[in-house]
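Every number here is computed from the coordinates shown, using simple stated rules; none is lab data. Nothing here was measured: the structure is a model prediction, and the numbers come from that model. Backbone-built Cβ (ideal geometry, glycine too); neighbour counts: all protein chains shown.
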Amino acid sequence: MSIRFAAAALLVAVSASPAFAHLDPTEHGSFAAGFTHPIFGLDHVLAMIGVGLWAALLGGRAIWALPTAFVGAMVAGFGLALAGAPLPFVEPLILASVVLLGVAVALALRFPLWISVALVAAFGVCHGHAHGGEIGSAGELGYAAGFVLATACLHAAGLLIGFGAHTAASGNTVFGSRIIRGLGVLTAAGGLVLATG
C-alpha cells in the first residue's frame, strides 16, 4: 500500500495536463497566468516536486532551505529575464534540472547543505528566467505572485509525498527512503523522456 500511495500521489501531481499550454493573461488575469505557468509545464512540475522530495529525504534544515533557495533564485531569474539579460541554454538546463534532481533523490545524495542549496538555486534561476521569457502581456507583480505560489505548492507536494512515504512505511525509515528514491528514478526518467521527446 505504501508504494502505491506514493506512486499514486506523484502520478496525480504530474498528470494534470490541460488542453492548452498557458492561460491568456488578458482573459484570465496576470495572477492566474503566472500560477498556471509552472503547473502546465511537466518539466517545471517534475523539478519542483523533485526539490521537495530531496528536501524530505535530507530532512533537517534542508526541508525549508532547498525550497526557499529555489523560489528566491527563481525570482532573481525572473528579474534577469525582465531586464533583458540573456541566459544561454535555459531550456536544456531546465530539462537537466529534472534529471539531476531525480538522480539526487534516487541516489539519496547528501552534500553539505550549502552545495545542495547552491545547486537548487542554480536550477531556480533557469526556471525563473523561463517564466519571465514567457510573461507576454501579463503584469509583472501578479504574474510573479502566481508562479511563486504555484512553485511553493509544488515544493510542498514533494515534501508531503516524501513525508507520506515515510508514514505509509509505518516508521520504517529504510523502506520509506526506498519509496522516495524510487520516485527519484521516475523523476529522472521523466526528465530523460522530455529531453529526448
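Brief remarks follow.
- Protection proxy ranking of 189-195, 147-153, 127-133 - average other beta-carbon atoms within 10 Å, highest first: 127-133, 147-153, 189-195
- In the stretch 45-104, chymotrypsin sites (Phe, Trp or Tyr not before Pro) in a DSSP loop with at most 11 other beta-carbon atoms within 10 Å: Phe89
- Leu107-Leu141 pseudo-label distance in nm [points 7 Å out on the Cα-to-Cβ vector]: 4.4
- Calculated from backbone phi, Karplus (6.51, -1.76, 1.60) coupling profile of the stretch 75-80 in Hz, x at Gly/Pro: 5, 5, x, 4, x, 4
- Couplings for the stretch 184-197, taken from phi via the Karplus curve 6.51 cos²θ - 1.76 cosθ + 1.60 with θ = phi - 60°, read x, 4, 4, 5, 4, 5, x, x, 5, 4, 5, 5, 9, x Hz in order; Gly and Pro are left as x.
- The slack between Ala195 and Val174, meaning 0.36 nm per residue of separation minus the straight C-alpha distance, is 4.4 nm.
- Phi-based couplings in Hz for the stretch 120-131 (Karplus 6.51, -1.76, 1.60; Gly and Pro marked x): 5, 5, 4, 5, x, 4, 5, 5, x, 5, 5, 4
- Dipole of the stretch 19-165, positive direction: furthest Cα of Leu101, Gly84, Leu58, with charges on the beta-carbon: Leu58
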